[in-house]
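Structure record follows, encoded as structure tokens.
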Amino acid sequence: MPLLGAIIISLPINSILAMVWLYEDTKDINLVIGLSQSIFWIIIPSSIFFLAMTFFLRRQHGFYPSLGLAAVVMIGAYWVYVRLMGLFGVKL
């Protein structure tokens, strides 16, 4: 059941845990707000990884080469995205 698996794996468990730990360590809501906003803004370039992975796999590049190429594309997307968001005044 790929859809159910995708829904379960897309849950932001790591982000939730990071927010809980940050709050428990600092009791600072503003730090949690900052983390939450940063996570929101950085989801877009992260999603590009999945599009790139699908693209490379469909072109028969093999699993591991596709994984590596998708990671490189994602890193490039992060770089471009951070620069673009800076132009619009969004501080990540």
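The values are calculated or read from the model by the stated rules, or taken from the named source; none is laboratory data. No experiment lies behind these values; they were computed from the predicted model shown. For neighbour counting, all protein chains shown are included, and Cβ atoms are generated from backbone atoms with ideal geometry for every residue, glycine included.
Some observations on this one:
- The helices (runs of 4 or more DSSP H) located wholly in the chain include none with 2 or more residues which are surrounded by fewer than 13 Cβ atoms within 10 Å (Cβ to Cβ), in contact with a helix residue (DSSP H, G or I) (Cβ under 6 Å, 6 or more places away or on another chain) and among the polar types (S, T, N, Q).
- Flag for residue 48 being in contact with a Ser or Thr (Cβ under 7 Å, 6 or more places away or on another chain), in contact (Cβ under 8 Å) with a residue 24 or more places away in the chain and under 26 Å from residue 91 (Cβ atoms): no
- For segment 24-39, filtering for residues that are modelled with pLDDT of 95 or more and under 19 Å from residue 11 (Cβ atoms) leaves 1.
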